[in-house]
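In what follows, a single structure is set out as structure tokens and then discussed.
The values are calculated or read from the model by the stated rules, or taken from the named source; none is laboratory data. Quantities reported herein were computed from a predicted structural model and do not represent experimental measurements. Cβ placement follows ideal geometry from the backbone for every residue including glycine, while neighbour counts extend to all protein chains displayed. Just the protein is used for accessible areas: all its heavy atoms, side chains included, with ligands, DNA and RNA removed. Shrake-Rupley method; radii C 1.70, N 1.55, O 1.52, S 1.80 Å.
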Amino acid sequence: MTLFIGFLIGCAFGAILFLGGATSYRRILGTLLLKDLWIIKLMATAIGVGTIGIYALDFVGLANLSVKPVYIGGVALGGLIFGIGWAVSGYCPGTCVVGSAEGKTDAMATLAGGLVGALLFALAIPLLSGALIEPLSFGAVTMPDLLGISGIWLALPFGAALLMVAFVILRERAS
Amino acid sequence: MQDKQAIISWKAAGIALGLLLTLATALVKPLGVSTQFVVSDAVVAHAVAEKFAEGNAYLANYGEANDWGVGYGWMLVFGMFVGGGACALVFRDKQPLADQGSLPELWVSVFGSSRLKRLTAAFAGGVLLLFGARLAGGCTSGHMISGISQLAASSFLFGVCAFGAAIITAHLLYRGRS
């Protein structure tokens with residue numbers, strides 16, 4: 001049953017990415033060149049709605065959270081390497097899957113590269129773990145944990161601020 | 001660049017994605033993609049070289065010879081392929097021309113129309129994407145969209161580093177063109 005739910009959620013996710021233009025090279029690079037803010041507005045809206053939705057669920061005890069651990073070196077360096085790959089390929093791991101389904105050969109190349117990259121990481125992990133993953137590791141911490149407050153009280157203003165950014169602040173700065 | 005820019009607006013896509021993330025968190029767990037690249041590698045590795053797969057600390061966590069470890073997360077990514085592909089079939093003629101094809105106009109304007117060059121860059125980018133995502137523990141879905149929505153400290157750090165490096169790289173690639 002969980003497998004089927006996963007499949008259906010995935011179908012909706014893929015449909016949204018395709019319909020919303022997230023598999024488009026000009027959109028992604030336009031965003032990274034700070035010329036076309038479509039993707040930023042899409043992401044800010046999704047995260048704004050998601051933050052409020054998730055912490056509303058959490059408030060009534062229904063959220064199945066999955067918070068990723070912090071290890072400063074690995075997360076920061078991984079983010080930097082990821083960012084370079086993002087700008088070079090024009091895809092991220094999710095959009096290259098959808099782009100491949102559209103029949104885009106460059107997305108298929110990114111997907112194949114991704115499988116190689118994940119394998120290289122599996123081979124490299126014994127070398128990296130001591131330097132980048134074990135040190136400066138603080139576990140699965142959230143901002144509300146750090147502030148010592150209940151999640152909803154940060155989620156509401158943060159979510160509202162992101163929606164404000166997308167709908168009001170960036171509204172006229174489209175091109 | 002404001003008019004009809006995609007099949008649905010960023011507002012519709014963003015709200016739908018936020019609601020889908022909330023639904024996934026209520027039913028199973030938040031969205032994520034990049035782990036499934038490792039799962040897929042582990043499935044193949046277990047099939048073709050079981051000793052190697054079991055001997056690798058990372059691959060051994062995902063899948064076994066008799067149970068591939070294909071679970072909720074993998075089905076989700078498979079669903080993305082099916083759902084995205086089905087929409088592409090149905091709505092192909094509604095997709096803006098500039099968003100179609102494998103050789104984007106912007107790319108051609110600076111790097112020329114060699115398909116091999118574009119595919120090589122896309123492949124190399126893919127290697128970096130997944131190496132980085134696995135080192136950091138997530139990608140745009142798991143870290144940025146799901147992670148920041150959970151207000152995870154780790155995901156804010158990832159988001160800043162990934163966007164920072166991507167913006168700088170994009171400007172370097174297209175320097176001179178502005």
For helix B:72-91, report the angle its Cα long axis makes with the longest principal axis of the Cα atoms of chain B; keep it between 0 and 90° and round to the nearest 10°. 30 degrees
Projected convex hull area of region A:11-138, Cα atoms, direction-averaged, in nm², equals 9.6 nm²
Sum -39500 (n - 2.57) across every DSSP H segment of at least 4 residues in the protein assembly as shown, then divide by the residue count to get the 222 nm mean residue ellipticity, nearest 500. -21000 deg cm²/dmol
Label-to-label distance, nm, for residues given as A:A140 and B:R177 (7 Å Cα→Cβ offset): 4.2 nm
Residues of region B:101-124 losing 40 Å² or more of accessible surface, assembly versus chain alone, probe 1.4 Å, please list them. B:S102, B:L106, B:R118, B:L119, B:A122, B:F123
HN-Hα couplings for region B:147-154 via Karplus (6.51, -1.76, 1.60; θ = phi - 60°), in whole Hz with x for Gly/Pro, come out as x, 5, 4, 8, 6, 6, 4, 3
Using modelled backbone amide H atoms (1.01 Å from N, in-plane), which distant-in-sequence or interchain residues come within less than 5 Å of A:T142's amide H? B:A153
Give me the distance in nm between label points sitting 7 Å out from Cα along the Cα-to-Cβ direction at A:F167 and B:D93, one decimal. 3.5 nm
Region B:101-178 - convex hull of the alpha-carbon atoms, volume per residue in Å³: 103 Å³
Test of understanding: what is the full-extension gain from A:L120 to A:F59, defined as 0.36 nm times their sequence separation minus their Cα-Cα distance? 17.9 nm
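Check every DSSP H run in chain A and write down those whose alpha carbon atoms cover 24 angstrom or more along the long axis and whose mean Kyte-Doolittle hydropathy is 0.5 or greater. If you can, show how the numbers build up before the last one.
Values: long enough: A:2-19 (25 Å, 2.45); A:38-59 (31 Å, 1.46); A:72-89 (25 Å, 1.77); A:105-128 (33 Å, 1.80).
Helix filter hits for chain A: A:2-19, A:38-59, A:72-89, A:105-128.
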Going residue by residue through region B:106-117, the Karplus relation 6.51 cos²θ - 1.76 cosθ + 1.60 with θ = phi - 60° gives ³J(HN,Hα) values, rounded to whole Hz and with x marking Gly or Pro, of 4, 4, 4, 4, 10, 9, x, 9, 6, 5, 4, 4
Specify the inter-centroid distance of region A:1-69 and region B:119-170, based on alpha-carbon positions, in whole Å. 14 Å
Could you work out the mean count of beta carbons from other protein chains within 10 Å of each residue's beta carbon in A:135-147? 3
How many Å² of accessible area per residue for region A:18-172, probe 1.4 Å? 37 Å²
Sequence-distant residues sharing a close amide H with A:D36 (under 5 Å, placed H): A:T31
As a test question: what accessible area, to the nearest 10 Å², does B:E105 have when a 1.4 Å probe is rolled over all protein chains in place? 150 Å²
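Just to make sure I understand: if all protein chains stay in place, what is the order of A:M43, A:M143 by accessible area at 1.4 Å, largest first?
If we order A:M43, A:M143 from most to least accessible, we get A:M143, A:M43.
Contour minus end-to-end for B:K51 and B:L27, with contour as 0.36 nm per residue of separation and end-to-end as the Cα-Cα distance? Show your work: numbers first, answer last.
Working: separation 24, 0.36 × 24 = 8.64 nm, distance 3.62 nm.
Taking B:K51 through B:L27 to full extension adds about 5.0 nm, to one decimal.
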Rg from C-alpha atoms of the protein assembly as shown, normalised by the globular rule of thumb 2.2 N^0.38 Å, equals 0.93
Entries of A:K35/B:K29; B:K11/B:K117; A:K68/B:K11; A:K68/B:K117; B:K94/B:K117 with Cα pairs more than 32 Å apart: A:K35/B:K29; B:K11/B:K117; A:K68/B:K117
